[in-house]
Amino acid sequence: VFAEFRMSTDMAKAMQQNPDLTDPAAWLDETRHPRFARTAQWFSSRTDLDMADLRNYLGKSFQGWAGAVAGVSGKLALNVACTTLKFFLMLFILFFMLRDGSSWFQRLAALLPLQQVHGQALFTRLGKVTRAVVYGCGVTAAVPGSLVGIGFAIAGLPGPVVFGVIATVSALLPFGGAALVWLPAALYLLSAGQFGMGIFMLVWGGLISISDNFI
């Protein structure tokens, strides 16, 4: 986080201390940047573009680029800071939930307008449902991950076990799923000229993507 803020601050200081960075006239000056100036003159001599128009265009482009970079770097630093804060807040709450979770549930059960027997039965049922959902999602994600590992092994791709584990984790995501792993592999095989294995990976990936629906 501090590195992102420092980068944004250093970039802003550099632009303030070196105004020539965003001044097209300085870049087109032969005494300062002879190669760039000669290239611009060569390009202007072979086109209908005037040097004055080129300076104006470069000036607007540099200003827009500098503003975009400053804005993106600031947003990135803010997002990183927010994500880091949320992560440590989650760890803080998780610590107390693991330590005092049972007493919390007992207090919550005492507040419910139910008899103690019914309240205990309700929390028992909720616990079973929660564990069933977690186990079901884990098994459902493990099957596409295993299939990805098998597909990588058949196609001769490196690290089938590692990418199988990555596909298992990706299968838990609400978007993309295991396709985040097998689709780039298929594109890599096709781009490398291995069309047979690339087509196999695409077909195998289609089966992987619909396997969780059957499960």
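Are there chymotrypsin sites (Phe, Trp or Tyr not before Pro) in segment 109-215 that DSSP marks as loop and that have at most 11 other Cβ atoms within 10 Å, and which are they? The qualifying sites are Phe175. Here the accessible area of segment 73-215 is 75 percent carbon and sulfur, with a 1.4 angstrom probe and all protein chains present. Remark: segment 94-197 carries 68 Å² of accessible area per residue (probe radius 1.4 Å; ligands, DNA and RNA excluded). Straightening the chain between Thr130 and Leu78 buys 15.3 nm, computed as 0.36 nm per residue apart minus the Cα-Cα spacing. Here the simple spin-label model places points 7 Å from the Cα toward Cβ, and for Val139 and Ser102 these points are separated by 2.8 nm.
The values are calculated or read from the model by the stated rules, or taken from the named source; none is laboratory data. What you see is a predicted model; the values in this text were computed from it and never measured. Heads up, the Cβs are rebuilt from the backbone with ideal geometry, glycines too, and the neighbour counts pull from every protein chain shown. Accessible surface areas use protein heavy atoms only, side chains included; no ligands, DNA or RNA. Shrake-Rupley method; radii C 1.70, N 1.55, O 1.52, S 1.80 Å.
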